[in-house]
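Heads up: the structure comes next, in structure tokens.
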Amino acid sequence: MKKRFFNTLALIGLVAFSLLLALSLLDILKFNSLPIKYLLLLSLLLLFIGLSQAFNKFTDYTEGVACLRRASKTLNLIKSKDIRKINYVRLLSIKNQLNNAEVYLKNVVDKFDLYELGADLAQINDIKHHYDIGNKHKLSNEMMVKDLQEITKSLEKVSAIKSQNIMIK
């Protein structure tokens, strides 16, 4: 409902702006008159308010969850492969996604005082160190499966906490 409202608001602003501009260019309305300028600005305001809500900025929570999902997706792709055949790009991708998820979720924890996620953040930090380039020889398929389970548990916990706290967006 909210999205439809803002889409309608953007559409009204666009129609009003184009109509006023067309009437001004056809010399039906005087472009230099103050009321026409105010109406043009008001229509642009409506257009930009609607568009800014349509292209809503991602929050720390949504970015953190997206990073955890991307890391688990990459882990699902490589967990059954031979360790020697896994390239460095995949390892760095997992490490990067876990690092980003840790930063975003730490911001959520600090902003909303969700210190029950502290253990999960520490777990994500430990998992992140498994995927260093220098630790590739220590990596095993069992470790990747265990890490995937831990990431899934963290995702479920974060989602459960979000469902209990309406302030998190």
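The values are calculated or read from the model by the stated rules, or taken from the named source; none is laboratory data. Just so you know, these numbers come straight off a predicted model, no measurement behind them. Cβ: placed from backbone, ideal geometry, glycine included. Neighbour counts: every protein chain shown. Note: areas computed on protein heavy atoms with side chains; ligands, DNA, RNA excluded. Shrake-Rupley method; radii C 1.70, N 1.55, O 1.52, S 1.80 Å.
Some notes on this structure:
- Under 21 Å from the Cα of K30 - lysines, other chains or at least 8 residues apart: none
- Sites N107 and N32, calculated FRET efficiency, Cβ-Cβ separation with R0 41 Å, nearest 0.05: 0.25
- Using θ = phi - 60° in the Karplus curve 6.51 cos²θ - 1.76 cosθ + 1.60, the 3J(HN,Hα) couplings for segment 64-72 round to x, 5, 5, 5, 5, 5, 5, 5, 5 Hz; x is entered for Gly and Pro.
- What a 1.4 Å probe finds exposed on segment 1-119 is 65% carbon and sulfur by accessible area, rounded to a whole percent.
- Of L46, L117, L91, the one that fluctuates the most in a GNM where the chain has Cα springs shorter than 10 Å: L46
- Cross-link pairs exceeding 23 Å in C-alpha to C-alpha distance, out of K79/K111; K2/K169; K106/K162, comprise K79/K111.
- From the coordinates of this entry, Cα Rg over 2.2 N^0.38 Å is computed, and it appears in [x] 1.60; [y] 1.00; [z] 1.09 under the label [x].
- Sorted largest first by accessible area at a 1.4 angstrom probe radius, with every protein chain in place, the residues F31, F112 fall in the order F31, F112.
- Taking every alpha-carbon pair under 8 Å whose residues sit at least 6 apart, the chain reaches a relative contact order of 22 percent.
- Residues in the chain average 66 Å² of solvent-accessible surface per residue, probe 1.4 Å, ligands and nucleic acids excluded.
- Extension gain, N7 back to I166 (0.36 nm per residue minus Cα-Cα distance, nm): 54.8 nm
- Count Lys and Arg as plus one, Asp and Glu as minus one, and take only other residues whose Cβ is under 9 Å from that of Q53; the net charge is then +2.
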